[in-house]
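Working notes for the structure below.
The values are calculated or read from the model by the stated rules, or taken from the named source; none is laboratory data. For clarity, every value in this text was computed on a predicted model and none was experimentally measured. Cβ placement follows ideal geometry from the backbone for every residue including glycine, while neighbour counts extend to all protein chains displayed. Note: areas computed on protein heavy atoms with side chains; ligands, DNA, RNA excluded. Shrake-Rupley method; radii C 1.70, N 1.55, O 1.52, S 1.80 Å.
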Amino acid sequence: MNTIEMTEKYVMKTYNRYPVSFVKGQGCYLYDENGREYLDMLAGIAVCNLGHCHPEVSETICKQARELIHTSNLFHIKPQAELAKLICENSFGEKVFFCNSGAEANEGAIKLARRYAFEKGKKGYEIIAFKNSFHGRTFASVSVTGQGKYNEGFGPMLSDVKFAEFNNLDSVKSLVSEKTCGIIVEPVQGEGGIVPATEEFLQGLRKIADEIDAILIFDEVQTGIGRTGKLFAYQHYNVEPDVMTLAKALGNGVPIGAIVAKGKAADVLKPGLHASTFGGNFLATAAGKKVIEIVSQKAFLEEVNDKGDYLREKLTALQNEFPEIIESIRGKGLMIGAVCKINCSDIVKKALEKGLIINCTAGNVIRFAPPLIIEKKDIDRGMEILKSVLKEI
């Protein structure tokens with residue numbers, strides 16, 4: 001029985017998987033059981049920002065695994081403290097809580113906002129979220145996800161959640177009340193189709209949150225760790241949230257999540273109010289520390305922006321060549337969406353058959369989230385494959 005057959009028989013069918021099983025990875029390339037090479041321009045859905053089996057990260061993981069993996073948070077954990085320090089020194093943050101995933105981080109951030117409201121004696125616990133957003137699959141995170149397909153059949157959802165229009169401050173203002181305790185937003189909507197926020201919008205949210213003493217949460221699970229050309233996406237906008245959630249690329253494939261907080265939000269979660277058995281263990285935080293050390297370098301981020309511009313140029317050329325298929329190109333850094341005039345699932349499937357890994361999100365947006373270490377020659381190769389697919393389409 002091969003891997004695909006075992007998966008079909010024994011693994012819950014929560015994904016419609018492609019008929020490919022990878023056994024090896026190196027940099028921007030993956031290799032299947034038959035030895036076939038694939039160019040990965042998705043990076044495990046914006047997770048492997050340093051590519052597959054990055055030598056420094058792999059060595060860090062192996063070294064830590066030989067020494068100590070887990071003790072629990074009943075004790076002090078050196079790489080956890082070092083990673084928290086590194087994150088705070090490179091962001092607005094003052095304190096960090098570690099967990100295991102982006103959904104967990106967002107779940108904790110929602111608890112933090114509601115607890116803050118409780119301690120301040122506010123009259124309610126309402127959260128303002130946004131239509132077309134995505135924040136995870138756990139109960140609270142899916143409750144603030146503004147796409148009905150993710151919560152259908154699981155109701156009733158978390159109460160006191162209101163959904164505003166993304167990039168529309170008037171829509172937010174119409175929902176704000178004395179009961180509002182938090183606002184949660186993605187600086188760039190990922191699963192919603194790679195839609196960047198405007199600077200006016202995020203700065204407006206900051207002003208609204210300050211006026212009503214609410215917690216402003218930026219979900220940077222997908223945008224964080226260099227993906228947009230800055231270490232964190234909020235740094236594009238001249239605005240700081242009270243809370244930022246991280247995961248995905250923080251461990252370059254090792255599961256880890258984080259809640260980063262400052263000011264009034266930094267000390268809300270006290271002993272007994274929130275916890276995680278595995279969160280911030282030796283292995284995960286050692287990997288995260290090495291990732292931040294590499295990605296936070298100025299020269300590294302400058303290259304991300306340069307390669308992002310190059311990829312957009314190539315995609316714009318394809319848009320000009322195939323205007324009946326590609327409508328527009330949008331995004332930041334190496335988080336880019338090609339908006340199509342047709343459903344793009346067939347494009348993704350045909351690209352995979354030709355050895356290119358991309359992704360369809362929001363039905364008609366091809367998502368490009370390649371490893372940040374990708375070279376321009378690899379981008380050229382990917383665009384040639386995509387061009388051949390578009391010709392067939």
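Entry remark, region 370-393: residues being within 14 Å of residue 329 (Cβ to Cβ) and either without any contact (Cβ under 8 Å) to a residue 24 or more places away in the chain or outside any helix (DSSP H, G or I) (or both) number 0 in total.
Do any helices (runs of 4 or more DSSP H) lying entirely in region 263-354 carry at least 3 residues that are touching a residue at least 60 places away in the same chain (Cβ under 8 Å) and under 29 Å from residue 244 (Cα atoms), and which ones are they? Show your work before the answer.
Numbers: elements: 282-295, 298-321, 345-353.
Qualifying helices (runs of 4 or more DSSP H): 282-295, 298-321.
Is it the case that residue 374 is out of contact with any His (no Cβ under 9 Å at 6 or more places or on another chain) and surrounded by 21 or more Cβ atoms within 10 Å (Cβ to Cβ)? Yes, satisfied.
The set of residues from region 112-138 being open to solvent by 10 Å² or more (accessible area, probe 1.4 Å), assigned to a loop (DSSP other than H, G, I, E, B) and of a type outside the set (Val, Ile, Thr) comprises 120, 121, 122, 123, 125, 132, 134, 137. Determine whether residue 286 is touching a helix residue (DSSP H, G or I) at 6+ places or on another chain (Cβ under 6 Å) and either over 18 Å from residue 81 (Cα atoms) or small (Gly, Ala, Ser) (or both). Criteria met by residue 286.
Kindly state which strands (runs of 3 or more DSSP E) lie completely within region 1-92 and contain at least 2 residues that are surrounded by 16 or more Cβ atoms within 10 Å (Cβ to Cβ) and touching a helix residue (DSSP H, G or I) at 6+ places or on another chain (Cβ under 9 Å).
On the way: elements: 22-26, 29-32, 37-40.
So the answer is 37-40.
Do we have any residue at all in region 286-309 that's in contact with a Phe, Trp or Tyr (Cβ under 7 Å, 6 or more places away or on another chain) and crowded, with 23+ Cβ neighbours inside 10 Å? Scanning region 286-309, I find no residue that is in contact with a Phe, Trp or Tyr (Cβ under 7 Å, 6 or more places away or on another chain) and crowded, with 23+ Cβ neighbours inside 10 Å, so the answer is no. In the set 178, 200, 220, only one residue is farther than 30 Å from residue 299 by Cβ, acidic (Asp, Glu) and at pLDDT 95 or above; that residue is 200. Scanning region 372-393 for residues that are over 16 Å from residue 42 (Cα atoms) and either touching a helix residue (DSSP H, G or I) at 6+ places or on another chain (Cβ under 7 Å) or among the hydrophobic types (A, V, I, L, M, F, W, C) (or both) gives 387, 389, 390, 392, 393. Restricting region 139-162 to residues that are hydrophobic (A, V, I, L, M, F, W, C), out of contact with any Leu (no Cβ under 7 Å at 6 or more places or on another chain) and under 16 Å from residue 113 (Cβ atoms) leaves a set whose member that is surrounded by the most Cβ atoms within 10 Å (Cβ to Cβ) is 144.
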